Amino acid sequence: MTDREETVLIDGRTKGIPPGQEPFPLAEIGGKGWNVLREDMVLPLAVLKSHALDHNGRWMRRFLDLTGTALAPHGKTTMSPDLFARQFADGAWGLTLATVQQVRVARAAGIGRIVLANQLVGRQAIDYVAAEMAADPGFDFYCLVDSIEGVEQLAARLEARAPGRPLQVMVEVGATGGRTGCRSDGMALAVAQAVKRAEPLLTLRGVEGYEGMVRGDGDRDGAIRAYLDRITAVAVACGKEGLFGPGPVILSAGGSAFYDMVAERLGKAELGRETMVLLRSGCYLTHDSSSYAALFEQVRQRMPEVDDLGPGPAAALEVWAYVQSRPQPDKVILTVGKRDISHDAGMPVPARWFRPGRHDRPAVMPPGAVVTELNDQHAHLSVPLESDLEVGDMVALGVSHPCTTFDKWRVLYVVDDKYDVVSAVATWF
């Protein structure tokens with residue numbers, strides 16, 4: 001139980017909660033005695049499997065130990081302070097976020113080390129961070145810079161608001177056709193030099209990038225490795241000119257797909273001073289049933305040593321729905337849609353089904369069932385003619401890309417292996 005859980009109130013208006021429930025603290029949900037398969041909850045229902053969450057946290061801890069890297073998981077995946085706390089308990093060095101609104105959520109949850117994997121721009125955003133730094137000397141904050149103009153605007157705003165210590169920044173190396181980031185190594189060095197000129201308002205703490213936007217002509221892995229080597233090269237150039245401030249030089253990249261290559265390439269950097277390789281994977285905690293499951297098989301091929309860590313990450317996130325109609329022999333309609341489950345990186349994956357009064361536990365969905373279309377509140381499930389599915393059956397769908405399922409739920413329900421609801425987590429999108 002956390003203070004956050006105690007302060008969040010839920011009731012019968014909350015997705016998943018039985019109608020007529022008066023408001024009660026989120027922390028009390030484990031004492032309700034509710035079970036998903038007993039139909040105590042309202043479907044659709046997003047659940048997190050406790051066993052898989054525990055397994056995934058332990059697995060990532062072993063990966064970090066194997067590679068000698070640190071982790072600041074990307075909080076945008078879940079935007080759940082309760083899950084952030086779990087990640088810190090598993091050994092996270094800090095938390096990565098993408099917007100200042102997200103930073104505000106994390107600060108309200110008491111998180112003291114944050115990497116804003118983005119440029120800090122605009123009066124309100126800069127003033128907020130400066131005020132947090134001034135009010136809390138222990139607040140360890142980092143952000144990105146990728147232009148001389150951005151450096152100068154930061155310095156000008158901070159000069160008038162003087163947080164009392166330098167704002168820690170990392171130069172972002174970009175890729176042609178990608179998002180933000182310096183497109184050339186020369187520009188990256190020029191931005192780093194601008195940071196040096198802005199001391200003591202700013203201090204350069206590292207070099208950073210996001211490899212997930214890198215594309216290659218038939219050899220994406222090779223293109224990503226070359227991009228990661230650019231991050232190292234920029235850091236070496238900055239080191240030769242004495243541009244880094246005090247403390248370990250941070251080399252950072254790593255979404256949830258290529259973190260093995262990040263650990264391998266950035267881990268080879270030789271800067272002549274203490275260096276920390278910082279990964280920022282966010283989706284490892286829940287994993288998924290499609291895109292990241294396939295990408296992890298590529299991780300295993302590139303880095304066979306991960307097999308020594310035990311079974312890889314497991315899908316922890318499911319969305320349950322009812323069969324509400326079988327309007328034709330080869331089609332089933334489920335009570336779940338775009339408002340409830342992600343579809344931007346692939347359709348939901350039918351994983352299990354359960355018939356109240358018939359099954360003791362969920363059965364594996366037979367081959368041939370495929371979600372072909374999502375409407376706002378309906379899923380079109382193509383099934384073989386011999387499928388047993390009928391109206392009233394319950395179907396568990398796995399997701400592809402957890403981020404865009406989490407943002408559809410104010411509360412997600414944590415279940416044990418029997419699908420008893422043991423706790424819940426709130427999100428703040």
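Observations on the structure shown:
- Cβ-based charge dipole, segment 224-376, positive-most Cα from ALA345, ILE224, PRO356: PRO356
- Residue-count net charge about VAL145 - beta-carbon cut-off 12 Å; Lys, Arg +1, Asp, Glu -1: -3
- Debye-formula intensities of segment 138-183, expressed as log10 I(q)/I(0) at q = 0.19 Å⁻¹, are -0.67 (one equal scatterer per alpha-carbon, no solvent).
- Estimated from helical segments only, the mean residue ellipticity of the chain at 222 nm is -9000 deg cm²/dmol, where each DSSP H run of four or more residues counts as -39500 (n - 2.57).
- Considering segment 314-418 at the alpha-carbon level, its Rg and Dmax are found to be 13.1, 38 Å.
- Label-to-label distance for ARG165 and THR7 is 2.4 nm, based on points extended 7 Å past Cα in the beta-carbon direction.
- Distance between the modelled labels on VAL364 and ALA345, one decimal in nanometres: 2.5 nm (7 Å Cα→Cβ projection).
- Backbone N atoms of segment 77-121 closer than 13 Å to the 7 Å Cα→Cβ label point of PHE429 belong to residues 77-80.
- Note on THR404 and ALA226: their simple-model spin labels are 2.9 nm apart, each label 7 Å out from Cα toward Cβ.
- Simple rule: put +1 on each Lys or Arg Cβ and -1 on each Asp or Glu Cβ in segment 289-429, find the dipole, and look at MET394, ALA315, PRO366; the Cα lying farthest toward the positive end is MET394.
- Whole-percent carbon and sulfur share, accessible surface of segment 135-270, 1.4 Å: 51
- Point-charge dipole on Cβ atoms (K/R +1, D/E -1) for segment 134-191, about Cα centre, debye to 20: 80
- Charged neighbours of THR96, selected by a Cβ distance under 9 Å, balance to +2 (K, R count +1; D, E count -1).
- Ordering LEU97, LEU53, ALA27 by Cα displacement along the dipole of segment 11-105 toward the positive end leaves LEU97 in first place; charges were set at the Cβ atoms of Lys, Arg (+1) and Asp, Glu (-1).
- Size of electric dipole in the chain: Cβ of Lys, Arg +1 and of Asp, Glu -1, about Cα centre, debye, nearest 20: 620
- A 1.4 Å probe run over the protein chains yields, for the chain, 41 Å² of accessible area per residue, whole-number rounding.
- Diffusion coefficient of segment 1-106 by Stokes-Einstein, Kirkwood radius over Cα pairs, 25 °C, 0.890 mPa s: 154 µm²/s.
- Over segment 1-113, relative contact order from alpha-carbon pairs under 8 Å, at least 6 apart, %: 19
- Counting charges near PRO304 (Lys, Arg +1; Asp, Glu -1) among other residues having Cβ under 13 Å from its Cβ returns a value of -4.
- Cα gyration tensor shape for segment 211-286, rounded if a/c is under 1.5, else prolate or oblate: oblate
- For the chain, built as a Gaussian network whose Cα springs stay under 10 Å, the top-fluctuating residue of GLY310, GLY254, GLY392: GLY310
- Think of each Lys and Arg Cβ as +1 and each Asp and Glu Cβ as -1; about the Cα centre, that makes the dipole of segment 180-339 roughly 620 debye.
- Ranking of ARG113, ARG339 by solvent-accessible surface, largest first: ARG339, ARG113 (1.4 Å probe, protein heavy atoms only, all chains present).
- Computed from the Cβ-Cβ distance with R0 of 25 Å, the FRET efficiency linking GLN21 to ALA89 stands at 0.25.
- Across q = 0.10, 0.14 Å⁻¹, the chain modelled as identical point scatterers on its alpha-carbon atoms has Debye log10 I(q)/I(0) values of -0.75, -1.24, in the order of the q list.
- Extension gain from GLU386 to ARG300, taking 0.36 nm per residue of separation minus the Cα-Cα distance: 27.3 nm
The values are calculated or read from the model by the stated rules, or taken from the named source; none is laboratory data. Since this is a predicted model, take the numbers as computed values, not measurements. Note that we place each Cβ from the backbone using ideal geometry, even for glycine, and neighbour counts take in every protein chain shown. For accessibility, only protein heavy atoms count, side chains too; no ligands or nucleic acids. Shrake-Rupley method; radii C 1.70, N 1.55, O 1.52, S 1.80 Å.
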